[in-house]
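Structure, as structure tokens:
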Amino acid sequence: MNQKIFLLDENDQLEVLHESGYSSEDLLQGLLARYPDLLAGDQMSDRSPRRWLLVSREVGVPGEQDAGDRWSIDHVFLDQDGVPTLVEVKRSVDTRLRREVVGQLLDYAANAMAYWPAERLRSSFELSHAAENADALLREFLGAREDEFAVEDFWQRVDTNLRAGRLRLVFVADVIPAELRRIIEFLNEQMEAEVLGVEIRQFRSGASGRTTLVPKVVGLTAKAQLRRSAVATPKRSAPWDAASLLEKIRSSSRPDEAPTTEALIEWARTQGLGIVGGTGSTGASLYFTLNDASGVTRKPFYLYHESQTLFHIQFRELPGVLDTLDDRRKLAEELREQAEIELDPEGSYPGIRLTRLRSQETSKRFLMVLQRLVERMRAPARID
């Protein structure tokens with residue numbers, strides 16, 4: 001490392017900064033967590049610079065379904081389109097940066113796609129940013145401080161990206177070796193996931209102690225850029241409503257879901273629930289809201305359509321009713337017994353495919369269970 005850069009100060013004096021390695025991998029990781037802009041999202045796309053939201057450091061990845069974590073990813077970020085970005089950090093002096101790190105990150109990505117539900121990332125994000133009010137931080141990141149449904153729409157987008165295998169894998173080091181650069185370029189040209197490297201070179205001045213960090217993205221070949229477009233997802237000019245959601249379903253490859261969707265919307269109206277549309281552009285969402293006994297507006301249920309239509313129950317929006325895992329297991333058991341519907345009691349907002357509700361009898365029993373949840377939410381709290 002013998003590169004240097006020059007700074008011209010306010011007194012027209014030239015200061016020389018010499019390239020310097022990082023004293024530890026943890027130092028580089030910490031800088032990246034505090035300053036996500038070092039990922040150089042502006043270099044990844046001229047038309048739509050990527051912006052970064054840190055989910056957490058050291059995010060666990062299981063190696064099989066319902067198993068404990070087998071690996072730990074250095075950082076997981078989300079960009080403004082909800083694309084999960086997995087980052088592995090190594091220093092150039094680490095010989096594993098040559099080849100081993102490639103297999104390592106590919107292992108992470110393959111298993112994250114298979115065994116990571118979006119609620120796992122959401123829980124990690126909320127735990128990591130609990131002191132900062134995670135939802136407010138996310139709304140600020142999205143530029144949607146006044147949009148109460150922006151948070152739910154965003155996590156739906158993350159879930160959709162995970163299911164579709166839309167990921168970004170990023171190798172970060174002070175210097176990316178030539179052999180790793182060639183592997184990155186090859187993978188980025190061949191894989192559906194975006195694979196990039198980011199060099200973050202450090203330059204220091206012995207005289208003033210000043211430090212300058214210079215990031216550079218590698219792997220953006222012309223062939224890779226032709227294969228994918230990193231244009232930001234546009235936001236709808238108007239929220240979805242019942243009519244536009246039904247129109248989208250009827251014109252999709254699953255038009256048979258429209259009658260069940262219409263029946264659920266009609267049920268919500270008969271229950272006096274509010275119906276409010278989300279603003280996502282790729283997926284259409286419709287929230288069913290109610291005022292609980294204390295007058296707080298909740299969003300316990302929502303419909304979401306992209307490649308298929310799902311009805312979601314948001315456990316966190318049913319306080320006092322589904323607070324504990326035991327409560328949720330009882331609900332899952334009730335749905336299984338009453339309507340032969342499977343529900344994941346350990347998810348944050350489990351979804352039920354509308355194809356499961358085609359039968360009139362199944363739909364009727366399912367709605368009876370939902371009605372009991374609504375009644376419990378509206379009932380005044382008992383004082384013992």
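Where a number appears in this text, it was derived from the coordinates with a stated rule and is not lab data. Since the structure is predicted, the reported quantities are computational estimates derived from the model, not experimental observations. No Cβ is skipped: glycine too gets one built from the backbone with ideal geometry, and neighbour counts run over all protein chains shown.
What is the fewest-to-most order of HIS129, HIS312 by other Cβ atoms lying within 10 Å of their Cβ?
On the way: HIS129 18, HIS312 23.
Final ranking by Cβ density, sparse to dense: HIS129, HIS312.
Among ASP153, ASP327, ASP12, determine the one that fluctuates most according to a GNM of the chain built with springs between C-alpha atoms less than 10 Å apart.
Maximum fluctuation in the GNM of the chain, among the listed residues, is at ASP12.
Region 326-384 to region 241-292: how many Å between their Cα centroids?
Using only Cα atoms to place each centre, the spacing works out to 18 Å.
Divide by every residue of the chain the summed helix terms, -39500 (n - 2.57) for each DSSP H run of at least 4, and state the resulting mean residue ellipticity at 222 nm, rounded to the nearest 500 deg cm²/dmol. Provide the component values of the computation, followed by the final result.
On the way: 12 runs with 140 residues, N = 384.
It lands at -11000 deg cm²/dmol.
Search the structure for amide H atoms under 5 Å from the amide H of GLY274, placed 1.01 Å from N in the peptide plane, and list their residues when 5 or more places away or on another chain.
Under 5 Å from the amide H of GLY274 lie the amide H atoms of THR289, LEU290, each far enough along the sequence or on another chain.
Could you give the dipole magnitude of the chain about its Cα centre, charging the beta-carbon of Lys and Arg +1 and that of Asp and Glu -1, in debye to the nearest 20?
About 680 debye.
Got a sec to turn the phi values of region 74-85 into Karplus ³J(HN,Hα) couplings, 6.51 cos²θ - 1.76 cosθ + 1.60 with θ = phi - 60°, whole Hz, x for Gly and Pro?
3J(HN,Hα) across region 74-85, in whole Hz: 4, 9, 10, 10, 10, 8, 5, 9, x, 7, x, 10.
Given LEU8, GLY30, HIS75, which one lies farthest toward the positive end of the charge dipole of region 8-106, if we put +1 on the Cβ of every Lys and Arg and -1 on the Cβ of every Asp and Glu?
After comparing all options, I get HIS75.
Pairing the Cα long axis of helix 100-115 with the longest principal axis of the chain, what angle in degrees results, from 0 to 90 and rounded to the nearest 10?
The helix 100-115 is inclined about 10 degrees to the chain.
Report, in whole Å, the centroid distance computed from the Cα atoms of region 1-67 and region 163-226.
Going from one Cα centre to the other spans 10 Å.
Quick one: THR270, THR221, THR160, THR309, fewest Cβ neighbours within 10 Å first, how do they rank?
Lowest to highest Cβ neighbour count: THR270, THR221, THR160, THR309.
Please identify, among LEU14, LEU213, LEU373, the residue showing maximal mean-square fluctuation in a Gaussian network model of the chain using a 10 angstrom Cα cutoff.
LEU14
Please name which of PRO350, ALA293, GLY320 has its Cα lying farthest along the dipole of region 242-378 towards the positive end, using unit charges on Cβ (Lys, Arg +1; Asp, Glu -1) and the Cα centre as origin.
ALA293
By DSSP, what percent of the beta bridges with both residues in the chain are antiparallel, rounded to the nearest 5? Could the numbers behind the result be given before it?
Working: 47 of 58 bridges.
So the antiparallel bridges amount to about 80 percent of the total.
From the square roots a ≥ b ≥ c of the eigenvalues of the alpha-carbon gyration tensor of region 248-293, which class results: rounded (a/c under 1.5), prolate (a/b over b/c), or oblate?
On the way: a/c = 4.30, a/b = 1.54, b/c = 2.79.
Judged from the Cα gyration tensor, region 248-293 comes out oblate (a/c at least 1.5, b/c at or above a/b).
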